[in-house]
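The values are calculated or read from the model by the stated rules, or taken from the named source; none is laboratory data. Only a predicted model underlies this, so the values are computations on that prediction, with no experimental measurement involved. Virtual Cβ from ideal backbone geometry, glycine too; neighbours counted across all protein chains shown.
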Amino acid sequence: MAGAQKNIPATLIPGDGIGPEVTAATLEVLDALGAPFQWETHVAGMAGVQAAGDPLPKETLESIRKTRLALKGPLATPVGGGFRSSNVRLREEFQLYANLRPARTLVPGGRYENIDLVLVRENLEGLYVGFEHYIPIGDDPHAVALASGVNTRAGGRRINEFAFDYAVKHGRKKVTLVHKANVLKALTGLFLETAQETAKKYEGRVAFDERIIDACAMQLVMNPYQFDVIVTTNLFGDILSDEIAGLVGGLGMAPAANIGVDAAIFEAVHGSAPDIAGKGVANPLALMLSAAMMLDHVGHPDKAKRMREAIDKVLCEDNVRTRDLGGKAGTKEFTEAIVKRVR
């Protein structure tokens, strides 16, 4: 993690659909904060296909390799066929093994109040390695589909240590390991074993418990306050992180960071929402909050705090909210309110 540099090169990927709109809004707030980023703008996803015939153009990858830091809007991924997810490819390319997904209540009066959870998802192993193939039978080339999952002791140890280190650094009290070791005894049993080994090193500093994935999914809805930091495998983390986002109002409120040894990519995890693209109504909060995490990462927690405080005041004191949050503000009006609070 870098110190508080004055000029920090970073790659900017505006993304698809509403991506360019929420990116422009986020940059306005970062400019008002005097954020230190020097941007190199590149394309990926559908924009990459249209511009360079590749969802991850060589220039984009080279830029991230050089800056080791990126802010990324939502990228469109075809369902079923088409090209493989650019998000997954970026994580693999730069070995971004930790997906960090904090969720906290921003707008009071919802089903749950005062949610403050962090999910740590292993990003490179499990079923997302994409070892898949079909077995043809008769005249059906897709008669049988097979997929293999891969978990390693080294990968499990690395992500569990990341989760416990995060808990210590941020004053968190407990880490919960989520698995399916009652059925997938080898694949997730190894993951559980590495967590139990790691937990012993943090005894007396961070409490540890474990849950089976289906029980955890139910308990998150019934009583989310029993959880603090959750660490889990790739597929379970993908599902639970969206469920946790639902506790605080949806993916429009959910920031994310993908962190590796040599690079970090901060992103809005919601979709590209092509149905509202260009209408000026998109909620830019997810990318703004991801940018705040990016400021923390590069050693500017003061600016990150100012950004979060401005967002809280706009939502809860000024009552300026986008339509998805029950308000009437468009992207521009909402952004202007945050910029005003920042200044």
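Only residues that are touching a Lys or Arg at 6+ places or on another chain (Cβ under 7 Å) and assigned to a helix (DSSP H, G or I): list them for the stretch 294-333, please. Let's see the steps before the verdict.
Filtering the stretch 294-333 down to residues touching a Lys or Arg at 6+ places or on another chain (Cβ under 7 Å) leaves 295, 310, 313-315, 327, 329.
Residues satisfying the conditions are LEU295, ALA310, LYS313, VAL314, LEU315.
Looking only at residues of the stretch 262-293 that are of a type in the set (A, V, I, L, M) and in a strand (DSSP E or B), we find that the one that is modelled with the lowest pLDDT is ALA268. Of the strands (runs of 3 or more DSSP E) that lie entirely inside the stretch 197-261, those containing 1 or more residues that are more than 16 Å from LEU100 (Cα to Cα) and among the charged types (D, E, K, R) span 207-212. Among the residues of the stretch 267-295, the one identified as within 17 Å of PHE334 (Cα to Cα) and of a type in the set (D, E, K, R) is LYS279. Working only within the stretch 128-158, note down all residues that are buried (at least 19 other Cβ atoms within 10 Å of the Cβ) and either in a strand (DSSP E or B) or in contact with a Lys or Arg (Cβ under 9 Å, 6 or more places away or on another chain) (or both). Selection gives TYR128 alone.
Looking at VAL269, VAL248, which one is within 21 Å of TYR128 (Cα to Cα), among the β-branched types (Val, Ile, Thr) and crowded, with 17+ Cβ neighbours inside 10 Å? Talk me through it step by step, then tell me what you get.
On the way: VAL248 fails: within 21 Å of TYR128 (Cα to Cα).
So the residue among VAL269, VAL248 that is within 21 Å of TYR128 (Cα to Cα), among the β-branched types (Val, Ile, Thr) and crowded, with 17+ Cβ neighbours inside 10 Å is VAL269.
For the stretch 47-64: of the residues being over 20 Å from the mean Cα position of the chain (by Cα) and in contact (Cβ under 8 Å) with a residue 12 or more places away in the chain, which is farthest from ARG306 (Cα to Cα)? Ranking the candidates gives VAL49 first. The residue that is surrounded by the most Cβ atoms within 10 Å (Cβ to Cβ), counting only those in the stretch 45-64 that are touching a Ser or Thr at 6+ places or on another chain (Cβ under 9 Å), modelled with pLDDT under 95 and of a type in the set (Gly, Ala, Ser), is GLY45.
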